[in-house]
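Okay, so here's the structure we're looking at.
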Amino acid sequence: MTPQAVREWVREARRIVVLTGAGMSAESGVPTFRDAQSGLWANFRPEELATEQAFRAHPSMVWEWYALRREMIAKVAPNAGHLAIAAFQQRHPGRLAVVTQNVDGLHQRAGSPGVLALHGNIADDRWLDAPRACCDAQAPEAGTPPRCATCGNLRRPAVVWFGEMLPAAELEAAGEAAARCELMLVVGTSGLVYPAAGLARSTRGRVVIVNPGATDLDDAADALLAGTAAALLPLLLDEERNP
Ligand code: OAD
């Protein structure tokens, strides 16, 4: 299947879902999850850091890992792929829904409306344990999570960790969008993490995978486009562009 043929599918589809993963932001300079880690965390897999258990056992280490990611994300910008999606949504209001596993907020910063962020947003915090009346975050020492001086409750990143439920409203809306769409573009995800990956298996629409490598969802695809998000999405979504 060629990008030109998929452009035709885009033109025909009244409802489109773009399901994105970490590879969507790779060309903005955000490392993907399953890239090799470096530094202090070289010996940990994300699955070992991104859990409540890890945070309770090593709050400062996990907080620092997120602090570094937050700092890095604050410095990067949406790439041509994010911008092509947002521009399509502006030209065709209500026709394309973005469902993302990314917590970097780059779709939102590109101008995409109504992004369904299944794994939360890294810029936000919340209390680790249900907050009590005393809970008030104190300025932390550098490298430690803010805590309540009275009960010790900690602030944690408001992202979905392994073993946690996804936000119900977002998941439901994403399921509905997937069920209704005629075309789903699956961009930059390894397809290994559920329930997000299940959206590509549950849709009755055509499934197109945009990824430079193989993914766990390739068997569910009607077309595989080998290439990057920033190179291919403008080609697929910008009608003005010559193929
Ligand atoms: P992964 O790191 O598992 O996969 C990234 C995918 O992006 C791979 O398939 C790469 O081939 C592809 N890729 C790399 N560069 C790309 C580019 N420029 N354009 C397009 N694709 C590219 O990331 P996710 O699938 O997003 O969950 O991981 C899913 C979830 O696992 C994450 O949301 C996170 C993680 O643990 C939670 O934190 C709950």
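Taking the C-alpha atoms only, the angle from helix 80-91 to the longest principal axis of the chain is near 70 degrees. Compactness of region 58-200 is given as radius of gyration and Dmax, 17.4, 53 Å, from Cα positions. Computed extension gain for Glu12 through Glu182, at 0.36 nm per residue and net of the alpha carbon distance, reaches 60.3 nm. Accessible surface of the chain, 1.4 Å probe: 52 percent of it comes from carbon and sulfur atoms.
Tell me whether the chain comes out rounded, prolate or oblate; compute the Cα gyration tensor, take square roots of the eigenvalues as a ≥ b ≥ c, and use a/c under 1.5 as the rounded threshold. Cα axes put the chain in the prolate bin. Net length available on complete extension from Asp222 to Glu239 is 4.0 nm, with 0.36 nm assigned per residue and the Cα-Cα distance removed. Per residue, the chain exposes an accessible area of 48 Å² to a 1.4 Å probe, with every protein chain left in place. From the alpha carbon centroid of region 137-159 to that of region 193-243 is 40 Å. Of all DSSP-defined beta bridges confined to the chain, some 25% are antiparallel rather than parallel. With viscosity 1.567 mPa s and temperature 4 °C, the Kirkwood radius over alpha carbon pairs of region 120-243 converts through Stokes-Einstein to a diffusion coefficient of 73 µm²/s.
The values are calculated or read from the model by the stated rules, or taken from the named source; none is laboratory data. These numbers come from a predicted model, not from an experiment. Note: accessible area is taken over every heavy atom of the protein model, side chains too, but ligands, DNA and RNA are not part of it. Shrake-Rupley method; radii C 1.70, N 1.55, O 1.52, S 1.80 Å.
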